[in-house]
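Here's the structure we're looking at; comments come further down.
The values are calculated or read from the model by the stated rules, or taken from the named source; none is laboratory data. These numbers come from a predicted model, not from an experiment. Using ideal geometry, Cβ is built from the backbone for each residue, glycine included, and neighbour counts are taken over all protein chains shown.
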Amino acid sequence: MKKLIFTLACMMLTLSMTTQAKADKDNNDKKEKGEKMHKKFSPEQYYKHMEEYISKSVDLTDNEKTKFFPLFKEMLEAQRKIVEQDREVMRSFKEAKTEAEFENIIDKTTSLQVENKKIEQTYYKKFAKVLTWEKICKVRMAQTRFNMRALRKFSPKDKRFGRKDFGHKHPKKKD
């Protein structure tokens, strides 16, 4: 009888310790996840992850990486400046009152988008000196996939449709 009680006590103690250890591990995992989610966005980290993703997706050689990514970074920087200008123009939308002001906003944003595509076109020709056109196409697709995955990762979920929601309200149907 003493052996039975002793065995039961040991089992209960072991079970208790295992449960506590699991709870501590779960709390630590949640804490780490929370810390990761609340870190500030780092453009350097984002670019580093994009570079790794593109390198693996396109299967770039070390020589290709060395020559290609500095050009790629130049292109992204030039495009980023255009996007900042576009945002600045779009901020003026709130103050616009006349049709002429709205037309001006559309003209400026459209011109900036064209300029952005011209930058892209120029750099694709530079890329062709380093990569094949097939790899350039693969880079473009990999960049798009990477950006979409990053966007999904940071977007809130819309539970009604089982997909991400971008913060807009769905319009109600008019009868």
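Here are some notes:
- Residue 131, sole failed condition from (1) exposed (fewer than 11 other Cβ atoms within 10 Å of the Cβ); (2) at pLDDT 85 or above; (3) not in a helix (DSSP H, G or I): (1)
- As a summary of the residue check, residue 150 satisfies the conditions (1) modelled with pLDDT of 95 or more; (2) among the aliphatic types (A, V, I, L, M); (3) within 17 Å of residue 51 (Cα to Cα) except for the one numbered (1).
- Top-ranked residue in the stretch 46-66 [being of a type outside the set (D, E, K, R), free of Cβ contacts under 8 Å to residues at least 60 places away in the same chain and in a helix (DSSP H, G or I); ranked as nearest to residue 154 (Cα to Cα)]: 47
- So residue 108, is it over 20 Å from residue 141 (Cα atoms), basic (Lys, Arg) and either modelled with pLDDT under 95 or touching a helix residue (DSSP H, G or I) at 6+ places or on another chain (Cβ under 6 Å) (or both): yes
- Long-range neighbours under 9 Å by Cβ, at least six apart or interchain, first residue over 17 Å from residue 112 (Cβ atoms) within the stretch 82-102, second in a helix (DSSP H, G or I): 95/101
- Reported count of residues in the stretch 31-64, each being of a type in the set (A, V, I, L, M, F, W, C) and at pLDDT below 80, is 2.
- Residue 14 farther than 24 Å from residue 138 by Cβ, at pLDDT below 90 and outside any loop (DSSP other than H, G, I, E, B): yes
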